[in-house]
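I have placed the structure first, in the form of structure tokens, so that the comments after it can refer back to it.
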Amino acid sequence: MKNTAVLITSKKLNTQDCYDFVQDASCGGIALFVGTVRNSTKNKAVTLLDFSAYEPMALKEMQKIADLALAKFQIHKIAIHHAVGELQIGDIPVIIAVSSAHRKAAFEACEFAIDTLKETVPIWKKEHFKDGEVWVNSHP
Amino acid sequence: MKIKLLFFGIATDLVGENSIFYELKSAASLLNLKKELMLNYPKLKNIKDFAIAVNEEYAEDDLVLKENDVVAIIPPVSGG
């Protein structure tokens, strides 16, 4: 039985899919982190975000995070899904779901997974504004 | 020695390409490749910083490249 699910897709992410994957009778809880596109950055109105990925490598790095989370925390299953393409305000770029017998491990693994994803997984977002666009984190 | 270069994110916009075949002239360490790239693509200096992946794994400067390696320029990631 596979305890990890990683996905990169240009389709709309589905929280229920992630929930259903990790849900299990042996678990006392599920932690679900859902990233959503915010309407502003540094007080500037955002019109949309455009996500792109080095997909084969990004999947490998997401799998590493899932495997490491399983090794590091007392969790049962973990799902990491990320969207690519143009996302509107309120859309979901990322979902992390973790199930565990006891809640603390699920919370910790969920935070570990999103924090690590933001550091290592080769995915980039371009923020679009009314008057221009910018690659997040990339400019000197 | 011929390698394939991939550019992502801001690097794609700066270089104007997604991927190119590249003839590496100097000895085949990643550090030498980085030096060549900065000379040939000075616009890469407009990225805050970048990592390099070889064959889909992050790599350090002392890595020795082989013919047909796929070398990706990885600007600071911003997923999530």
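For peptide A:55-65, compute the average count of partner chain beta-carbon atoms within 10 Å of each residue's beta-carbon. List each step's numbers first, then the result.
Values: counts 1, 3, 10, 4, 1, 3, 6, 1, 0, 0, 0.
Mean partner shielding for this stretch: 3.
Counting other C-beta atoms within 10 Å, and keeping those with at most 13, which DSSP coil trypsin sites (Lys or Arg not before Pro) do you find in chain B?
Answer in residue order: B:K25, B:K48, B:K66.
Please state the shape class of chain B: rounded when a/c is under 1.5, otherwise prolate if a/b exceeds b/c and oblate if not, all from the C-alpha gyration tensor.
The shape class here is prolate.
Near A:T116, within a Cβ-to-Cβ distance under 14 Å, what is the net charge of the other residues, with Lys and Arg +1 and Asp and Glu -1?
For residues surrounding A:T116, the net value is -2.
Per Stokes-Einstein, at 25 °C and 0.890 mPa s, what whole-number D in µm² s⁻¹ belongs to the stretch A:40-138, with the Kirkwood radius over Cα pairs as the hydrodynamic radius?
For the chosen part, D equals 167 µm²/s.
Determine the shape class of the protein assembly as shown: with a ≥ b ≥ c the square roots of the Cα gyration tensor eigenvalues, call it rounded for a/c under 1.5, and otherwise prolate if a/b is greater than b/c, oblate otherwise. It would help to have the intermediate numbers written out before the result.
Working: a/c = 2.65, a/b = 1.51, b/c = 1.75.
Here the protein assembly as shown falls in the oblate category.
Around A:H76, with a cut-off of 13 angstrom between Cβ atoms, what is the net charge of the other residues, counting Lys and Arg +1 and Asp and Glu -1?
On the way: positive: A:K2, A:K77, A:R103; negative: A:D24.
That works out to +2.
By how many nm would the segment from A:Q63 to A:F129 lengthen if fully extended, with 0.36 nm per residue of separation less the alpha-carbon distance?
Additional length available on full extension: 20.5 nm.
Over chain B, calculate the relative contact order: mean separation of alpha carbon pairs under 8 Å at least 6 apart, over the residue count, as a percent.
On the way: 130 pairs, mean separation 32.8, N = 80.
Contact order relative to length: 41 percent.
Determine the dipole magnitude for the protein assembly as shown: charges of +1 sit on the beta-carbon of Lys and Arg, -1 on that of Asp and Glu, nothing else is charged, the reference point is the Cα centre, and the result goes in debye to the nearest 20. Could you put the intermediate results ahead of the total?
Numbers: 25 positive and 28 negative charges, 66 e Å.
For this selection, approximately 320 debye.
Hey, fewest Cβ within 10 Å first, where do A:L13, A:L32 land in order?
A:L32, A:L13
Quick check on the exposure proxy: order B:D62, B:D13 from fewest to most C-beta atoms within 10 angstrom.
B:D62, B:D13
What ranking do A:D17, B:D49, A:D91, B:D69 get, fewest neighbouring Cβ atoms within 10 angstrom at the top?
The fewest-first ordering by Cβ neighbours comes to B:D49, A:D17, A:D91, B:D69.
Across peptide A:131-137, how many C-beta atoms of other chains are within 10 Å of each residue C-beta, on average?
4
Between A:D24 and A:E111, how high is the FRET efficiency from 1/(1 + (r/R0)^6) when r is the Cβ-Cβ distance and R₀ = 22 Å? Nearest 0.05.
After rounding, the FRET efficiency stands at 0.60.
Residues of B:52-65, mean number of Cβ from any other protein chain within 10 Å of their own Cβ, rounded to a whole number?
2
Report the longest stretch of chain A that contains none of the trypsin sites (Lys or Arg not before Pro) sitting in a DSSP loop with at most 14 other Cβ atoms within 10 Å.
A:43-129
Give me the aspartates and glutamates in straight-line cross-link reach of A:K11: C-alpha distance below 14 Å, same-chain residues under 8 apart excluded.
A:D50, A:E86, A:D91
Quick one: if you stick a label point 7 Å off each Cα along the C-beta vector at B:V64 and A:T9, how many nm between them?
It works out to 4.5 nm between the two label points.
Which helices, counted as full DSSP H runs in chain A, have an axial Cα extent of no less than 15 Å and a Kyte-Doolittle average of -1.0 or above? Present the calculation step by step, with values, prior to reporting the outcome.
On the way: long enough: A:55-72 (25 Å, -0.02); A:103-120 (26 Å, -0.23).
Both cut-offs are met by A:55-72, A:103-120.
Since every read-out is calculated from the coordinates, none of them should be taken as a lab result. Model, not experiment: these values are computed from the prediction. Here Cβ is always computed from backbone atoms with ideal geometry, including for glycine, and neighbour counts include all displayed protein chains.
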